[in-house]
Amino acid sequence: MPREQFQSLTEPMYYILLILLEECCGVDIMEMVERLSKGRVTIGPGTLYTLLGRFEQEQMIVETGRQGRKRWYQITEKGKEALRAEQIRLKQQWMDGEKRMEGFL
Amino acid sequence: MKLFDKRIVALRIPGYETKAIEAFFSDMAEAGYLLHKLYGEWCVFRKTEPRKLKFSITYLSRVTVFDEDENETSMTYREYCEQAGWQFVCADYKTQVYCSDAARNLPEVETDERLWFQNVKKRFFREYVPFMILAPVLIWFLFWMAGTTTDFLNVQVFLCLLLLCFLCLYVVYEGIRYLYWEWKCRRAIDQGSPLPLSVNYRSMRLFCPSLAAMYLAPLCINFMPLLQEPDIAVPMLLYMVVVLVLGFCLRAAVKKRGTDPVTYMDFMALIVVVGLVIYFLSGAVLKPFLPEKEVIPFKNKEAASTISFSDFGYKPGENDVYFEGKEEWLGKQEWYFGNQENAHIQWHFSVSRWSWMNQLITRNFYKQQEISDTDLELVYEEGTTFVYREKKAPEEQVRTPGLKLYIETDHSFGRLYCENLPDTEEEILQLLVKDVLEREQEFFDKY
């Protein structure tokens, strides 16, 4: 079910889409994700390659340029929507947690 | 197997056991053998300095058989891996192998276990499921095919079936192993625990029976029927040898010159075309030097069948009991019809393990053909072998001026009709006796 698989994003998916809000070279994403997450999230080349392929297939990102083997990608409107939905979900989750934990912690 | 500085190991490399294979490659590297090439199940290692390396095996589903070794997909993937610090080792079709120094703290190539699990599932359904469905169908088909002929107990056919059964069982076994592993993984995902990835590679080694089944069974299916025909077997073997030798020479020459990379498909297409040209040319060139065939090709048979009670007008009943449960075990018969220019031959032969059955067949034949004892004259007698010639009626001499011979032994009966053969009647008779006795012996050897 390819449509259902991006209803909620995993952490690597979320970070890849975040990075691609700006045009970025595929191979640089791994480093940028690590930097952005301060080393908390690491994405292996195999995982990155698979995810970029799937995002592209689902038109959540688009290839914007190519130089030799290097490819540049950027997020599409569909990708932004998925990112926004995930952002709302995470926010909601955080707010629910805050509310529930108040008085306990 | 050790060849100078090389070591060749046969391994099964199922997608879900990559951790075990990676562990095996690491252990080999530590022992001083670095993976050099992968050819299907065959791993070629080269002797190097012992090193502590960690390996990563990935399966690129986008690579197809029509792609070159270094194609767009694999090269792009290589770019990603090299950027992350992994070094390319070798690749075989979709399978890519990378390595890095074990001391370097590099992120794994596959960091998302669930994503990796999904890819393995996809691979399994694409590659194994068709085989698993086909395996029982193939077994059933082969047994059905073997059951329709009396050659079931032929040693070659039996061996072929045995290998195929082994291959089919192997495929089914792999499928069951995978399904068990998938079930364990699903459970691990539901519980939020890491996937159960084994690093025990001992069970990955392939041994002689599996390899024999893998490589010999398809060959047996394709070539066994052909190899049983001597006229085809020699050119076929010649063709295979020439194609293989020429293919290796071409591949080596192209590699040595270092010209444009040759794709596997180009290479295969080229050797097949060249092989076919050589095959046809060799047929044409060698024909004048090949020995001429027997004038009476008794050995060629056009049709064969088994003899059952229904051949004598009996309708089998449900409660009938037959020897070894097989009605057709009563005997076997063969027919041959051949024409060479104006020469003509018709040959009918039947054999049974019981002499009473043979007598029944013989009488039945004479009765059907309306031949009485007075129509036959004895022309040859040796032991229990008798040959009769049918006396020619005046009107028949004009219509069918051929020779009709009937041969009777304890267990077989044959009828030969021939016209305009260059051999003398005596020569034909000798050939006939020799052939019948050989066939009879062949029947008793087999059954």
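Model label points for residue A:57 and residue A:92, set 7 angstrom from Cα along the Cα-to-Cβ axis, are 2.8 nm apart. Extension gain for residue A:102 to residue A:31 (0.36 nm times residue separation, less C-alpha to C-alpha distance): 21.9 nm. Accessible surface ranking for B:374, B:58, 1.4 angstrom probe, highest first: B:374, B:58. Computed on protein heavy atoms with a 1.4 Å probe, the accessible areas place B:116, B:183 in the order B:183, B:116, largest first. Quick note on the stretch B:9-60: its Rg to Rh ratio, both from C-alpha atoms and Rh being the Kirkwood radius, is 0.95. In sequence order, the stretch B:124-130 has phi-based couplings of 4, 5, 6, 9, 9, 4, x Hz under the Karplus curve 6.51 cos²θ - 1.76 cosθ + 1.60, θ = phi - 60°, and Gly or Pro positions carry x.
Residue B:373 contributes an accessible area of around 140 Å² to the protein surface, as traced by a 1.4 Å probe with all chains present. Under the simplified labelling scheme, the residue B:184-residue B:172 pair shows an inter-label distance of 2.3 nm, with each label point 7 Å from Cα along Cα→Cβ. For the modelled label position 7 Å from the Cα of residue B:426 along Cα-to-Cβ, which residues of the stretch B:365-392 have backbone nitrogen atoms closer than 16 Å? So the set is B:379-381. Close amide-amide hydrogen proximity is noted between residue B:36 and B:44, B:45, B:46, each under 5 Å apart and 5 or more residues distant or on a separate chain (H modeled in the peptide plane; Pro and chain starts excluded). Applied to the stretch B:376-385, the Karplus parametrisation 6.51 cos²θ - 1.76 cosθ + 1.60 on θ = phi - 60° returns per-residue 3J(HN,Hα) values of 10, 10, 6, 10, 8, 8, 8, x, 9, 9 Hz, with x for Gly and Pro. Per-residue 3J(HN,Hα) values for the stretch B:83-99, derived from phi via the Karplus relation 6.51 cos²θ - 1.76 cosθ + 1.60 with θ = phi - 60°, read 4, 7, x, 8, 9, 6, 9, 6, 8, 9, 6, 8, 7, 10, 10, 10, 9 Hz in sequence order (x marks Gly and Pro).
The amide H of residue B:53, built 1.01 Å from its N in the peptide plane, has B:30, B:102 as neighbours under 5 Å, considering only residues 5 or more places off or on other chains. Label zone of residue A:78 (point 7 Å out along Cα→Cβ, amide N under 18 Å): in the stretch A:36-51 this covers A:50-51. Rolling a 1.4 Å probe over the protein heavy atoms leaves residue B:249 with an accessible area of roughly 80 Å².
A Förster distance of 60 Å, applied to the separation of the beta-carbon atoms of residue B:52 and residue B:445, puts the FRET efficiency at 0.45. Look at the stretch B:105-117: the mean tally of other chain Cβ atoms within 10 Å of its residues' Cβ atoms is 5. Full extension of the segment from residue B:371 to residue B:82, taken as 0.36 nm per residue of separation minus the current Cα-Cα distance, would add 95.2 nm.
Binning the C-alpha pair distances of chain A at 5 Å intervals from 0 yields a P(r) profile of 2, 12, 21, 22, 18, 11, 6, 4, 3, 1, 0, 0 %, listed from the shortest bin outward.
Go through B:19/B:94; A:38/B:184; B:6/B:54; B:54/B:121; B:19/B:47; B:52/B:121 and tell me which ones have a Cα-Cα distance over 26 Å in this structure. Beyond 26 Å between Cα atoms: A:38/B:184; B:52/B:121. Residue B:36 contributes an accessible area of around 70 Å² to the protein surface, as traced by a 1.4 Å probe with all chains present. The label point for residue B:75 and the one for residue B:434, both projected 7 Å from the Cα toward the Cβ, are 6.6 nm apart.
At an R0 of 60 angstrom, the distance between the Cβ atoms of residue A:85 and residue B:8 translates into a FRET efficiency of 0.70.
The values are calculated or read from the model by the stated rules, or taken from the named source; none is laboratory data. Computed from a predicted model, the values in this text were never measured in an experiment. Cβ atoms come from the backbone with ideal geometry, glycine included; neighbour counts cover every protein chain shown. When the accessible area is computed, the model is the full protein with side chains, heavy atoms only, and any ligands, DNA or RNA have been set aside. Shrake-Rupley method; radii C 1.70, N 1.55, O 1.52, S 1.80 Å.
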